[in-house]
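The block underneath contains the structure these notes are about, expressed in structure tokens.
A short reminder: the numbers here are calculations on the coordinates, not readings from a lab. Being a predicted model, the structure only gives us computed values, none of them experimental. Here the Cβ is made from the backbone with ideal geometry for all residues, glycine too, and neighbour counts use every protein chain on show.
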Amino acid sequence: MVRSIKGRLLLWIFISMTALFAALGYALHFKLHYVVEDSVDKMLHASLQFVKGLVHSHDGKNIECESNEFMQGDYITPDSGHYYQVFLNGELLAAADSLFDKNFNLTPGKAESYNAKAQEWLYHSIGPNDEPLRVIQHDFVYMDTPVRVIVAENISESLLLIHQLINYFLLIVPVMIVLIGMISLVIAEVSLRPVQHFSAALEKISHKNLEERIPVNKQARELRRLAEKFNSLLERLHRAFEAEKNLLGDAAHELKTPLAVIKAECDIALQRERTAEQHAASLKNVREVTNGMLGQINGLLTLTRLDSGLLDASAFEPISLTDCVEDAALLAKSLATKKNVAISSSLNGELSVLGDQDSLTEAVLNLVENAIKYNHPGGFVAVELNRRDNKAEIKVSDTGIGISEQDQERIFDRFYRSDAARSSQDGSGLGLSIVQAIVQAHHGEIAVEAQSTGGSRFTITLPLVTKTV
Ligand code: ADP
């Protein structure tokens, strides 16, 4: 299998040209044979009419075949290559002098064809000098007597001419093939030049200048679509690269503050003599900050796994969304009690989706925990599961601190936390990003409606499996 396009082009041009020449040679060979035989046949017909004209009767009783002075030159010498025989009632009446053996059988084999209208038989045979002959045998009745005239012609020269022409042709073929090979090489080279331009443009782009694009209009028409595809791929790569870069910067920034707290706590502890209680308090503080960092690192790990396809849609199975919501509400119960927030859940019917049960439970739990976390003591959280057309809708509403309009646009960004959240609650700023990634992996959507004065509602929409489990 030829892998290079240039190689394939060359091979195909070469094969098709060789086949073309072979077919041409074949056709030429037949045409030449036809033309040569046709001209020989015309000559033979003229001779036949001539010899036929020699058959006559002087007295109206006896039939003769008179030799003619015009034919002396043609039929006299054995190497003339022209022969004739005349049979009367099956008996030899006359024969050309060129036939030493007047009884030589000019038609030994089977006739090649028969022309019924002209009553002529056509033969190919071997002459008295071992030369190839073309023969016509004609039967007619003269004065109630059956007469047969046979005329023959040496065709060795005609055959030689054909062979010479074919040989010339065969000699030209390799020269033509080499010539065609060279032309094909040039065609392949010129045709592939746009591809070289394209790859040169592509080579200029690396991870350092991912914002650059391949100039679509400067490409050959056939490559423009490919250039557009590459550009959109570059666009996505660029965005992913930027997101990675930002994430790394944000992660470093986020981890810097708790690390500075730990370092300060250690410095203070080591600077002067302290009581056991003071040390214990410092260690408690360090543990809290470390827990926060651990939460952020775990969140980051989950996000990275989700980004690299942890949730493979092809491995999804029908699962009960009702169970997911029920489990999430149950798991959040202790936090709700701790924060003095009431939870109610309203699950309308058994709804099932294609997905991963643990991830969807985690997503709903995240929303319910946020609704509790960002709520007021004595507040309320409602979890609802409903069917809307062929979609499942999970709504988590709270009577909490609410979210300003500017914050609503950013809360799904990684590490983003509102000022109010930063000052009052622990958190990583990754929870909603994880929820969004899980929902999107399930071909669903997440939306937020909230007031800055208080109260928020998060809605997850997921495509339903028609069959319930
Ligand atoms: P975390 O809760 O760890 O800070 P999230 O990604 O879960 O991180 O949330 C991002 C931000 O969105 C929170 O810091 C908070 O400002 C805001 N937020 C999320 N849920 C609510 C809610 N139910 N009510 C008010 N604000 C919320």
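Ordering 442, 23, 329 by Cα displacement along the dipole of the chain toward the positive end leaves 329 in first place; charges were set at the Cβ atoms of Lys, Arg (+1) and Asp, Glu (-1).
About its Cα centre, the dipole of the range 216-307 is roughly 560 debye, where the only charges are +1 on Lys and Arg Cβ and -1 on Asp and Glu Cβ. Annotation: the range 216-307 has a Kirkwood hydrodynamic radius of 17.2 angstrom, from the mean reciprocal C-alpha pair distance. Dividing the summed helix terms, -39500 (n - 2.57) for each DSSP H run of n ≥ 4, by the number of residues in the chain produces a 222 nm estimate of -18000 deg cm²/dmol to the nearest 500.
Under 1.5 on a/c is rounded, so check that first for the range 86-141, then, if it is not, pick prolate when a/b is larger than b/c and oblate when it is not; a ≥ b ≥ c are the square roots of the alpha carbon gyration tensor eigenvalues. Note, shape of the range 86-141 comes out oblate.
With the simple spin-label model, which puts each label point 7 Å out from Cα in the Cβ direction, the residue 197 to residue 103 separation comes to 8.7 nm.
Within the straight-line cut-off of under 25 Å between alpha carbons, the lysines reachable from residue 245 are 204, 208, 229, 256, sequence neighbours fewer than 8 places apart in one chain being disregarded. Here the gap between residue 207 and residue 61, fully extended at 0.36 nm per residue and compared with their Cα-Cα distance, gives a gain of 41.1 nm. In loop segments of the range 58-126 as defined by DSSP, the GluC sites (Glu not before Pro) with at most 12 further C-beta atoms inside 10 Å of their C-beta are 66, 112.
Of the trypsin sites (Lys or Arg not before Pro) found in the range 404-469, those that fall in a DSSP loop while having at most 14 other beta-carbon atoms within 10 Å are 467. Principal axis extents of the Cα atoms in the chain, from largest to smallest and rounded to whole angstrom, are 162, 56, 38. Distance from a point 7 Å along Cα→Cβ of residue 89 to each backbone N in the range 128-149: keep the residues under 11 Å and list them by number. 145-146, by backbone N distance to the label point. Charges were assigned to the Cβ only: +1 to each Lys and Arg, -1 to each Asp and Glu. The resulting dipole of the range 5-161 about its Cα centre is roughly 1100 debye. Relative contact order of the chain, taken over Cα pairs closer than 8 Å and 6 or more residues apart, is 10 percent. Taking a point 7 Å from the Cα of residue 11 along the Cα-to-Cβ direction, the residues of the range 162-205 with backbone N closer than 17 Å to it are 181, 184-185, 188-189.
Set Lys and Arg Cβ to +1 and Asp and Glu Cβ to -1, take the dipole of the chain about its Cα centre, and tell me which of 109, 39, 289 lies farthest positive. Comparing the listed Cα positions along the dipole, 289 ranks first.
For the chain, the dipole from Cβ point charges (+1 on Lys and Arg, -1 on Asp and Glu) about the Cα centre works out to 2460 debye, to the nearest 20.
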